[in-house]
Each structure stands twice: as structure tokens, then as C-alpha cells.
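Scroll down for the structure; my scribbles are underneath it.
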Amino acid sequence: MDWMNYVIFILFSFFVFICIYAAMIQSRLRVGVNSRLPPGPNIFSFMKSIIKLGNKPHESCAIFSKLYGPLMTLKLGTKTTIVASSPDMVKEVIYTKDRSFSGRPVPDVSRVADHYKSSLVLLPTGDKWAKLRRITKEYVFSVQRLEVSEIMRMEKVEELIDHVNQCCINKKPVQIGDTIFTTILNILSNIFFSMDLSRYDSISSQEFKDMMGAFMGVCEKPNIVDYFPILRALDPQGLVRRGKVYFDKLLTFSDRIIDERLLTRLNSSPYGVTASSNDVLDVLLNNLDQNEDEFNRNDMIHLFLDLFFAGTETTSSALEWAMAELIHNPEKMTRARVEVSEILKHDNRNLQESDISRLPYLNAIIKETLRLYPPLAFLGPRKAIHDVAVEGFIMPKNAEILCNVWAMGRDPNIWSDPKVFKPERFLNVNIDYKGQDFEFIPFGSGRRICPGLNIAHKMLHIILGSLIHKFDWKLLGNTRAQDMDMEDKIGITLQKSVPLVAIPIKV
């Protein structure tokens, strides 16, 4: 086997050489355009920075943007990447010239099962994207749909609190991010399918969650094919092969849920529609019957998977960071707990969504968490559909554009004491994350703003408020709050390098 590995290594090195050579030739042919690109570090400086900082390209880009400006070019393989790191430049890309940057780069792993052809996240903003976006807005996250599912969401939060309470009784530590992930997954699966897809303490009920985790683990790995497409047929890291295994299982699982629902509908009504249809799957199946040319079963399955991937990891990682900062700053935890207790002191009830507007400090905590730890350090990448002029520079056709919202959240020209967790900065200030204040857009802005923003807003406040109202939290062993590891890393989302594990104590 050693000689085979050696042959593979030689072939791989040869292909890399060819790709680099081709990139050099392409660069010379486009010298007129390249001479008008924004400035930026050479590849060796950038890679040296990445090696030094570890898995932190967002931080490397922030460092270089101080040297080269708010528009910066990176040449990675055959790909030209331009990083925007200021509110003005980001606004140009995702709002002012949104149509010119309406393309999406297609990661190689997303070619599994042709997911990119039916993905709300990966499609360019054409007709199909618009149809999926409209379906999501009208049938999945509409005001009416969220009102109908409010009681269910409160039940899932109560199940979370019951689970944590049992851990409290047993003095059992809680892995915060994973536990919240289960809660969010079940909230979404009940909105979509009227069923739980995971349990807190049951190994046998983790099939869907484990498949999601495995596929996301593949997606978060840097793939050399994305920088040297000529290597696609080789799949040198095996990411597409592994991704296909997990994604096919997710498709099969989703197919089975739809088949079971179709059988139920057929058996319960001569017309194939249940009288009590109340979840998104039934609504979309009704829509499918009427408009199959515009929206088919394959589109439905890929839409569901997109929404699961986008909704679970982002919300759970944001809440894990919020809990970490509150444990790290116990005086702020106390202030937030007192605020929640004040509005509930005369009522023997749990926190409700209608209470959110009465909790300004809790709201400030959520905003401050999203400023410091946006779920996506870089907003979903854009691609120029033609050469675009911005601030005297030319963004060439097919260039990938990254918006470094992590860097904007820590820019001392925008925020005082930007590295300090200070929720008070958001009190009595009219700054929100709904896409209009470009210095603070953790959910994006414009046509591609997160479609689940409204439900994320509700869940962030209710889950965090409930966890700090019911429990105090103690770190494992003799670890002091001020000694917590608060380092981050980039996976699918901006994650804690060391997952937060704490023991709940009944208040």
C-alpha cells in the first residue's frame, strides 16, 4: 500500500502544479482587470497567518483588512476572493448592487445529489430561488404559521427545562450547545412534520440528528477542490464520497416521512387531505398537488434539509455563546435573571413570547452576543455575475465576495471597547439586527436576509431567558468563571473551541 500512496501523492502534486500554472496564465491574460482589483496580501502571507491563528480565517482577514482596507483581494488557487469588512462596503455588495452580486459560489460537496440545484441557500436569485423564498415566507415562517405553532414551541421549551431540572437533581453536567440543538431541532421538526426527531437522553432517537451532524462535519472542512476545480474528478480528500453517504441517508429519511404522510392522507380522506392539516408538510403537499410544475417533491425535500441545516446550528451556537458570556460575567447573569423574575413574580407561569418586549436587558444580551459572535462570521458568499465597479476597483466576473461581519462587530471605529461583552451598549439605542443597520447584520440584509429571523428572535430570547431564570450555572471542577476558555473556531458556524459544559443549580 505504501507505493500506492506514493503514486497518489505524486499525481496529486502534479495536478496542483498544473492548477497553479494555469492560474498564473489566467492572471496574466486578465492583467487589465487584475490591476484594478482591491489590494491584498499574497497567498504566502495569508497562509502563514492562517497557520499562526489556527482555524480562524475571519480573524486573519480582519488583521489584513487593517493593512489593505475594507475591500481586500485574496488569490486562493484559481479563485479570486474579495473580502468586504466595513458597513459601507458590505452595503454595496448585499444591498446597493445586490443584483450584480446575486450569484452563489457552489461548494463541491453541495453537488451531492445535485443539492445546489434546489437549494434556497445556494441558488442565485432567479425565478426558482424566488419561488422557494416565497414558499418559505408564506407557508413556513409566516406570522400566521408562527402563531399556530406558538403553543408547541412553549411545550418544547418546557421539555428543555424539565430535562435540565432532572440534570440538576442528579447533579449531572449539561452540554449546553448540544442540548439546545436538540430543542431547536424538535421545534423545527414539529413545525414541519408534527413530530420530534431527537430526544435528550435516548440514543435510539438520534438518527436524524447524527446524520445531520455527520454531514455538517464534512461540509465544514476546507476542500481543495473548491480552489482547484480541475481536481474535482479525483475528490482527493474524499469529502464528496463521505458527504454522499450521509446526504443520501438524509434524503431517504425525509422521503420516508413524506411517504408515511401520503399514506395517512390517503387512508384518512377520500380526497387525500386530512381535515386537521396543521403542519408545513401538509400545506406543501396541498400546494404540490396544485402546482407540481413549479414546486415538486424533490424541491420540498431539499428545502426542508436547507431549513434544518440553517436553523439548528446557528441558533444553538448563538445561545451557547450567550450562556458562556453570562457564566463568564456573573453580574450580568444576575441582572438578567432579576429582570425576568420581576415580570413573572406575580404569576406562577413560565416565560412567554409575549414577554419579550418587556425584557430590554435580555434583548441587549442577545444583541451583544450576536455582535461578538455572529453565527456566520462571513455572511453567505456572493458571486459577481459580471465585472462590477465598486469604489474605483473592479470585482471581476465570478469573483467570490465575502462579508466579514465578525470583523465589523469588533471594529473600534464602530464600537467602543469592541472586545468587551457589554450588553449595556444596546440599551436606549435604536440599533437592531433586522437588516437596516449595516454595522450590525448577523442575519444578513436585503433579499437574502435570513428567512427564519422572526422565529430565531423568539427562540433566542425564550430559551436563554428560561435557562437563566430557572437555574444558576456552575463550571465543572474548580474552574473559575474568569478562567473560561472563550476562544472560537469556524465550522459551519462560529463555534466555541471548547464546548460549554456546566452543572445547573436550581434558583
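The values are calculated or read from the model by the stated rules, or taken from the named source; none is laboratory data. The structure displayed is predicted, hence computed values, not measured ones. Backbone-built Cβ (ideal geometry, glycine too); neighbour counts: all protein chains shown. The area values use the complete protein model at the heavy-atom level, side chains included, leaving out ligands, DNA and RNA. Shrake-Rupley method; radii C 1.70, N 1.55, O 1.52, S 1.80 Å.
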Kindly indicate whether D485 is part of a loop (DSSP other than H, G, I, E, B) and either open to solvent by 30 Å² or more (accessible area, probe 1.4 Å) or of a type in the set (D, E) (or both).
yes
Inspect the stretch 442-452 for any residue being open to solvent by less than 20 Å² (accessible area, probe 1.4 Å) and either free of Cβ contacts under 8 Å to residues at least 12 places away in the same chain or in a strand (DSSP E or B) (or both) and give the result as yes or no.
no
With the condition kept exactly as written, say whether any residue in the stretch 403-411 is assigned to a helix (DSSP H, G or I), basic (K, R) and at pLDDT 95 or above.
no
Go through (1) out of contact with any Asp or Glu (no Cβ under 8 Å at 6 or more places or on another chain); (2) over 29 Å from L122 (Cα atoms); (3) open to solvent by less than 40 Å² (accessible area, probe 1.4 Å) one by one and return the number of the condition A399 breaks.
(2)
Quick one: is M89 open to solvent by less than 60 Å² (accessible area, probe 1.4 Å), outside any helix (DSSP H, G or I) and at pLDDT 50 or above?
no
Here are some residues: K367, K422, K434. Which one is over 27 Å from M72 (Cα atoms), without any contact (Cβ under 8 Å) to a residue 60 or more places away in the chain, of a type in the set (K, R) and in contact with a helix residue (DSSP H, G or I) (Cβ under 9 Å, 6 or more places away or on another chain)?
K422
Out of the residues in the stretch 363-382 that are part of a loop (DSSP other than H, G, I, E, B) and small (G, A, S), state the one that is modelled with the highest pLDDT.
A377
Among the candidates L475, L467, L460, single out the residue that is open to solvent by less than 10 Å² (accessible area, probe 1.4 Å) and in contact with a strand residue (DSSP E or B) (Cβ under 9 Å, 6 or more places away or on another chain).
L467
Are there any pairs with C-beta distances below 9 angstrom linking a residue in the stretch 110-125 that is more than 25 Å from S100 (Cβ to Cβ) to a residue that is of a type in the set (S, T, Y) and not in a loop (DSSP other than H, G, I, E, B), with the two at least 6 apart or on different chains, and if so which?
V112/Y246
Those residues that are open to solvent by less than 30 Å² (accessible area, probe 1.4 Å) and over 30 Å from S119 (Cβ atoms), I need them from the stretch 402-430; list them, please.
W415, P418, F421, P423, F426
Expected output for the stretch 34-56 (first residue open to solvent by less than 60 Å² (accessible area, probe 1.4 Å), partner in a helix (DSSP H, G or I) and at pLDDT 75 or above, Cβ below 6 Å, 6+ apart or cross-chain) is P39/Y68; G40/Y68; P41/F64; S49/S60; I50/S60; L53/E59; L53/S60
Condition met for L464 (within 25 Å of S142 (Cβ to Cβ), among the aliphatic types (A, V, I, L, M) and at pLDDT 95 or above):
yes
Listed residues N350, N363; which is over 30 Å from L262 (Cβ atoms) and touching an Asp or Glu at 6+ places or on another chain (Cβ under 8 Å)?
N350
